[in-house]
């Protein structure tokens, strides 16, 4: 059975070098010319086609080495992936686009056999096909001419992945993109709503005052043409709320609004408003609901933007009861915030009763067929909810689960209690990125400072919930009950029978909590960011592997030439404080290799010229000041290649290229910029991405459990990204481990070698938020 382990260590050594079973073998070196030119946009190389002539060239020297025919070392079954990119592209986090600039510096070639890919990117899992811009590649006459056949992605693979994604992510929800800070984008026509409404056998209503508009509709007061004013709720209510949604809105793409089905499924659920009638009139779908009172946002504003601890504690308690009931039906709300909690109609017995409205973003967390939790997935280009209150998992595009509603509730409570959240005030295209980054950097203790301990305990608990973990609702409710005051004086009406049921469950939860105290759960967000070395180890039959770190640019050629002489090729590279780290081994399957150290990230013209000669990018990395180290090799299975440089992780571009038959084969970073290389005929049948503001331990373990293995990783000072793939041909031993260390893991490498575990990828960047 495959062994998958993740280990963190603070140990490590400094200095250059470390070797294992070195053999000397002389290789010949040739000289070539390197030209660099300014260029922005994507790089792309297509087999059999010529590439445009680069502009603004610079002359330089490139050393090149050829592996001797008798060279041993073996092939690791998967050829390394690498990274190189150019152009702009902003994922969910937004941000300005980047351009590649003229390349400078000499390139050098090395022979070395290596393991898997190099630092890669992280994001959500999806099938891919080939996409956008890049320069055409033509192999040089002779050896370079081989391998021009374009690998065509099996349509079956694409269809099976798309089907899985549709099952895991409600198709309706994934199509919704918030237009402002309060959630969904209002779609449809500007046509006026009718003056009178009557649908589904309902009485006739006069359409009066507009109460507001939500993500997918507008709400008006409706007054019965004939009826008794004494009836305040139900099917015969004199005044009702009429929700209009135009038939052309996204929510009505295939007929009645998606929200209707959710209200039907939650009919009678505690705290969910009653829907009396629904139907279509003209161009509008209309839902007739009980008319409620002001929202918590309205109440907060009318109270000078201040709420008492007692009031907020009561809101917390009743909200948890409502969410527990909603979750028990298999749904998550998806947009918990003050605006979506409403009080009952003023002047009625339910005027201080709490209701949860707006189910347009609700999705199922439990599968209706198997009655099990939906499968984990991440798509960094998908966001659902409201930026201010959304969970970090929603920002990162992970499938919604119960923990997300609870995290949004924690933010809602602290907003009502304190009047502001730490991440308010960000503006611009990358607002989502900045808000999520700040959320990840804010611990529960920091956010709940000067508040009663119950709020901190609750916030810390929900921040650390796992994707499919069952929340302890009764324990959470018990945190706030002592703060709510006596039953007769509570500002929010609380169902006493519900509290009685909670009390019956509490003893069991308290026992569970005591067990947790004996074995405390690791805190995911501690508010103290950290950067570390990330190394990925794969099982491989015994082979030569060598590592060098803290290498200056001047000394790179010395180590590479020595590795070439010993039959080794570069398999992975990284950068730390302007010093390079190189992994060289005999398992790459490469036949020739070139590299360049450039003053730009990345040297577009140099890359395009090497494409013309039949080389493909196999490793890339960059320094914090914009320099880059690019490795290109022959002997790869690739038939076409494209890359992108972006100021933010370019998941949308990756997703587009997946659909064109490309797979991520390597990644690299330069300060906060990303470079991603994608290739055809990479030997994968499926690929996903894990992107986070820290090491995404849970996501990686879930991907491992689904048969994926890390094939690329890369990190910036803000984020870490991992690409995980399923190979077309699985290795006999699929063991994979990751290790995070404060210093380069030289103290651990030999121990891993002793277990036939070899470095497949190395990166340096954010691991702790």
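May I ask you to verify whether residue 379 is surrounded by fewer than 23 Cβ atoms within 10 Å (Cβ to Cβ) and modelled with pLDDT of 95 or more? Lay out the reasoning, then the answer.
Values: surrounded by fewer than 23 Cβ atoms within 10 Å (Cβ to Cβ): no; modelled with pLDDT of 95 or more: yes.
Considered against the rule, which asks whether it is surrounded by fewer than 23 Cβ atoms within 10 Å (Cβ to Cβ) and modelled with pLDDT of 95 or more, residue 379 comes out as no.
Checking the structure you have, find out if any residue of the range 326-333 is within 22 Å of residue 211 (Cα to Cα), at pLDDT 95 or above, in contact with a helix residue (DSSP H, G or I) (Cβ under 9 Å, 6 or more places away or on another chain) and not in a helix (DSSP H, G or I).
Looking only at the range 326-333, we keep the residues that are within 22 Å of residue 211 (Cα to Cα), and these are 333.
Applying the additional criterion that residues be at pLDDT 95 or above yields 333.
Going one step further and asking which of them are in contact with a helix residue (DSSP H, G or I) (Cβ under 9 Å, 6 or more places away or on another chain), we end up with 333.
Adding the requirement that they be not in a helix (DSSP H, G or I) leaves 333.
Scanning the range 326-333, I find at least one residue that is within 22 Å of residue 211 (Cα to Cα), at pLDDT 95 or above, in contact with a helix residue (DSSP H, G or I) (Cβ under 9 Å, 6 or more places away or on another chain) and not in a helix (DSSP H, G or I), so the answer is yes.
Counting only residues that are under 13 Å from residue 387 (Cα atoms) and either surrounded by fewer than 23 Cβ atoms within 10 Å (Cβ to Cβ) or outside the structural domain of residue 323 (by the TED database) (or both), how many does the range 412-421 have? If you could, list the steps in order and put the result at the bottom.
Start the filter on the range 412-421 by keeping residues that are under 13 Å from residue 387 (Cα atoms), which leaves 412, 421.
From what's left, either surrounded by fewer than 23 Cβ atoms within 10 Å (Cβ to Cβ) or outside the structural domain of residue 323 (by the TED database) (or both): 421.
Count: 1.
Provide a single number: the residues in the range 279-306 that are touching a residue at least 60 places away in the same chain (Cβ under 8 Å), buried (at least 17 other Cβ atoms within 10 Å of the Cβ) and within 15 Å of residue 338 (Cα to Cα).
Qualifying residue count, the range 279-306: 3.
Take the conditions over 20 Å from residue 393 (Cα atoms), in the same structural domain as residue 396 (by the TED database), buried (at least 16 other Cβ atoms within 10 Å of the Cβ) and under 29 Å from the mean Cα position of the chain (by Cα) and apply them to residue 484. Does it pass?
Numbers: over 20 Å from residue 393 (Cα atoms): yes; in the same structural domain as residue 396 (by the TED database): yes; buried (at least 16 other Cβ atoms within 10 Å of the Cβ): yes; under 29 Å from the mean Cα position of the chain (by Cα): no.
Here the answer is no, as residue 484 does not meet what is asked.
Of 381, 405, which residue is under 19 Å from the mean Cα position of the chain (by Cα), assigned by the TED database to the domain that holds residue 443, assigned to a loop (DSSP other than H, G, I, E, B) and in contact (Cβ under 8 Å) with a residue 24 or more places away in the chain?
On the way: 405 fails: assigned to a loop (DSSP other than H, G, I, E, B).
Selected residue: 381, the only one of 381, 405 that is under 19 Å from the mean Cα position of the chain (by Cα), assigned by the TED database to the domain that holds residue 443, assigned to a loop (DSSP other than H, G, I, E, B) and in contact (Cβ under 8 Å) with a residue 24 or more places away in the chain.
Rundown of residues vs (1) touching a helix residue (DSSP H, G or I) at 6+ places or on another chain (Cβ under 8 Å); (2) in the same structural domain as residue 331 (by the TED database); (3) surrounded by fewer than 18 Cβ atoms within 10 Å (Cβ to Cβ), yes/no style:
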residue: 216; (1), (2), (3): yes, no, no
residue: 219; (1), (2), (3): no, no, no
residue: 231; (1), (2), (3): no, no, yes
residue: 241; (1), (2), (3): no, no, no
residue: 244; (1), (2), (3): no, no, no
residue: 251; (1), (2), (3): yes, no, no
residue: 254; (1), (2), (3): no, no, yes
residue: 257; (1), (2), (3): yes, no, no
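Specify which of the listed residues (267, 276) is in contact with a strand residue (DSSP E or B) (Cβ under 9 Å, 6 or more places away or on another chain), surrounded by fewer than 21 Cβ atoms within 10 Å (Cβ to Cβ), closer than 24 Å to residue 323 by Cα and free of Cβ contacts under 8 Å to residues at least 24 places away in the same chain.
Numbers: 276 fails: free of Cβ contacts under 8 Å to residues at least 24 places away in the same chain.
Answer to the check: 267.
What number of residues within the range 384-395 are more than 30 Å from residue 657 (Cα to Cα) and without any contact (Cβ under 8 Å) to a residue 60 or more places away in the chain? Before you say what the answer is, go through the steps one by one.
Within the range 384-395, the first condition is being more than 30 Å from residue 657 (Cα to Cα), and the residues that meet it are 388-389.
With without any contact (Cβ under 8 Å) to a residue 60 or more places away in the chain added as a condition, the list becomes 389.
Residues in the range 384-395 being more than 30 Å from residue 657 (Cα to Cα) and without any contact (Cβ under 8 Å) to a residue 60 or more places away in the chain: 1 in total.
So which of 653, 580 ends up being in contact with a strand residue (DSSP E or B) (Cβ under 6 Å, 6 or more places away or on another chain), surrounded by fewer than 23 Cβ atoms within 10 Å (Cβ to Cβ), assigned by the TED database to the domain that holds residue 712 and on the phi < 0 side of the Ramachandran plot? Explain how you work it out, then say what you get.
Values: 653 fails: surrounded by fewer than 23 Cβ atoms within 10 Å (Cβ to Cβ).
Sole residue among the options that is in contact with a strand residue (DSSP E or B) (Cβ under 6 Å, 6 or more places away or on another chain), surrounded by fewer than 23 Cβ atoms within 10 Å (Cβ to Cβ), assigned by the TED database to the domain that holds residue 712 and on the phi < 0 side of the Ramachandran plot: 580.
For the condition within 21 Å of residue 409 (Cβ to Cβ), crowded, with 22+ Cβ neighbours inside 10 Å and in the same structural domain as residue 473 (by the TED database), what is the one hit in 319, 328?
Details: 328 fails: crowded, with 22+ Cβ neighbours inside 10 Å.
On inspection, the qualifying residue turns out to be 319.
Scanning the range 412-429 for residues that are free of Cβ contacts under 8 Å to residues at least 60 places away in the same chain and in a helix (DSSP H, G or I), which turns out farthest from residue 365 (Cα to Cα)? Write out each step before concluding.
Looking only at the range 412-429, we keep the residues that are free of Cβ contacts under 8 Å to residues at least 60 places away in the same chain, and these are 414, 418, 420-427.
Of the ones still in play, those that are also in a helix (DSSP H, G or I) are 414, 418.
Working: 414: 26, 418: 31 Å.
The residue in question is 418.
Just to check your reading of the model, which residue among 550, 538 is on the phi > 0 side of the Ramachandran plot and modelled with pLDDT of 95 or more?
Numbers: 538 fails: on the phi > 0 side of the Ramachandran plot.
Step by step, each of 550, 538 is checked, and only 550 is on the phi > 0 side of the Ramachandran plot and modelled with pLDDT of 95 or more.
Looking only at the range 735-769, which residues are closer than 17 Å to residue 712 by Cβ and modelled with pLDDT under 95?
766, 767
Look through 606, 658, 611, 704 and report the one residue that is surrounded by 24 or more Cβ atoms within 10 Å (Cβ to Cβ) and either under 21 Å from the mean Cα position of the chain (by Cα) or within 30 Å of residue 732 (Cβ to Cβ) (or both).
On the way: 606 fails: either under 21 Å from the mean Cα position of the chain (by Cα) or within 30 Å of residue 732 (Cβ to Cβ) (or both); 611 fails: either under 21 Å from the mean Cα position of the chain (by Cα) or within 30 Å of residue 732 (Cβ to Cβ) (or both); 704 fails: surrounded by 24 or more Cβ atoms within 10 Å (Cβ to Cβ).
Exactly one residue qualifies, and that residue is 658.
From 227, 268, grab the single residue that is modelled with pLDDT of 90 or more, more than 26 Å from residue 386 (Cβ to Cβ) and either part of a loop (DSSP other than H, G, I, E, B) or in the same structural domain as residue 365 (by the TED database) (or both).
Values: 227 fails: modelled with pLDDT of 90 or more.
Every option except 268 fails the conditions.
The values are calculated or read from the model by the stated rules, or taken from the named source; none is laboratory data. Because the structure is predicted, anything quoted here is derived from the model rather than measured. Reconstructed Cβ throughout: ideal geometry from the backbone, glycine too, with neighbour counts over all protein chains shown.
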